[in-house]
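Pasting a structure below so you can have a look.
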Amino acid sequence: MAKTSTTTQGLRAAIERSGYYPALVAEAVEAAVGAEPVRSYLVHQETTFDQNEVRRHVTVLVLTGNRFIVSHTDEQAADNTSPTPYATTSTESVKLSRISSIVVSRVVANPESYTPGTLPREIVLTIGWGAVSRIDLEPAACGDPNCEADHGYTGNSTADDLSLRVSEAGDGPETVRQALDFAQALSEATADPTR
């Protein structure tokens, strides 16, 4: 990773601010980015409750000139495979030309008095590049309410490689702004016809 880049330094600082195994997360992200300059990034930490345990998860999204990089780090309690707690970190590098969809769902309060530029209450960023698809099926039917024939199934296939929810209440307004900025930068990069 180019250490002189202001954006790269901001990424490293954001990883450290998350406080979630920063040395481990930064090493994995830096290895995936390599020497490419960082154009945009988003660091999102999520805490979940699993029965009697609190689990943390951090997702780091990075946009370079040619790639979209996703890093996930999860902590695990001791189990059959390890007598001590451990963390799992994975990174995926996707060519920008493979990204097929970017969906930004915004939730705004009092839409009747919305002022352009006001931050949404929350956003859900969904990015698809064809690695994972979700299929929703339901029985097909015809227009005849008395028909008992089997019409098979109908459904939708949706690209669902990554879905990330960021809220003002849970993550703060700055993280919502960063998520919107990252989504815009990624959208603009994938719209470039030379990619």
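The values are calculated or read from the model by the stated rules, or taken from the named source; none is laboratory data. Remember, predicted model here, so these are calculated numbers, not experimental data. FYI the Cβ positions are ideal-geometry reconstructions off the backbone, even for glycines, and counts take in every protein chain you see. Remember, those area values only see protein heavy atoms, side chains included, never the ligands or the DNA or RNA. Shrake-Rupley method; radii C 1.70, N 1.55, O 1.52, S 1.80 Å.
Just one of the numbered conditions (1) of a type outside the set (Asp, Glu); (2) over 24 Å from GLU36 (Cα atoms); (3) free of Cβ contacts under 8 Å to residues at least 40 places away in the same chain is not true of SER167; which one?
Here SER167 meets the rest and fails (3).
Still on this structure, please answer the following. With the structure loaded, tell me whether THR84 is part of a strand (DSSP E or B), at pLDDT 90 or above, open to solvent by 60 Å² or more (accessible area, probe 1.4 Å) and not basic (Lys, Arg) or whether it fails that test.
Numbers: part of a strand (DSSP E or B): no; at pLDDT 90 or above: yes; open to solvent by 60 Å² or more (accessible area, probe 1.4 Å): yes; not basic (Lys, Arg): yes.
So THR84 does not fit the description; no.
Would you confirm whether any residue within the stretch 27-45 is open to solvent by 80 Å² or more (accessible area, probe 1.4 Å) and touching a strand residue (DSSP E or B) at 6+ places or on another chain (Cβ under 6 Å)?
yes
State all residues of the stretch 101-124 that are touching a Ser or Thr at 6+ places or on another chain (Cβ under 7 Å) and open to solvent by 60 Å² or more (accessible area, probe 1.4 Å); if no residue qualifies, say none.
Within the stretch 101-124, VAL103, ARG121 qualify.
Right, next: Out of the residues in the stretch 46-60 that are over 11 Å from ASP74 (Cβ atoms) and touching a strand residue (DSSP E or B) at 6+ places or on another chain (Cβ under 9 Å), which is most open to solvent (accessible area, probe 1.4 Å)?
This residue is PHE49.
Cβ-Cβ distance below 6 Å, separation of 6 or more or different chains: which pairs start in the stretch 69-89 with a residue that is free of Cβ contacts under 8 Å to residues at least 24 places away in the same chain and end on one that is exposed (fewer than 12 other Cβ atoms within 10 Å of the Cβ) and assigned to a strand (DSSP E or B)?
HIS72/SER90; ASP74/THR88
A follow-up question, please. Output the number of the condition that ASN66 fails; it satisfies all remaining conditions of (1) open to solvent by 40 Å² or more (accessible area, probe 1.4 Å); (2) out of contact with any Asp or Glu (no Cβ under 8 Å at 6 or more places or on another chain); (3) of a type in the set (S, T, N, Q).
Condition not satisfied by ASN66: (2).
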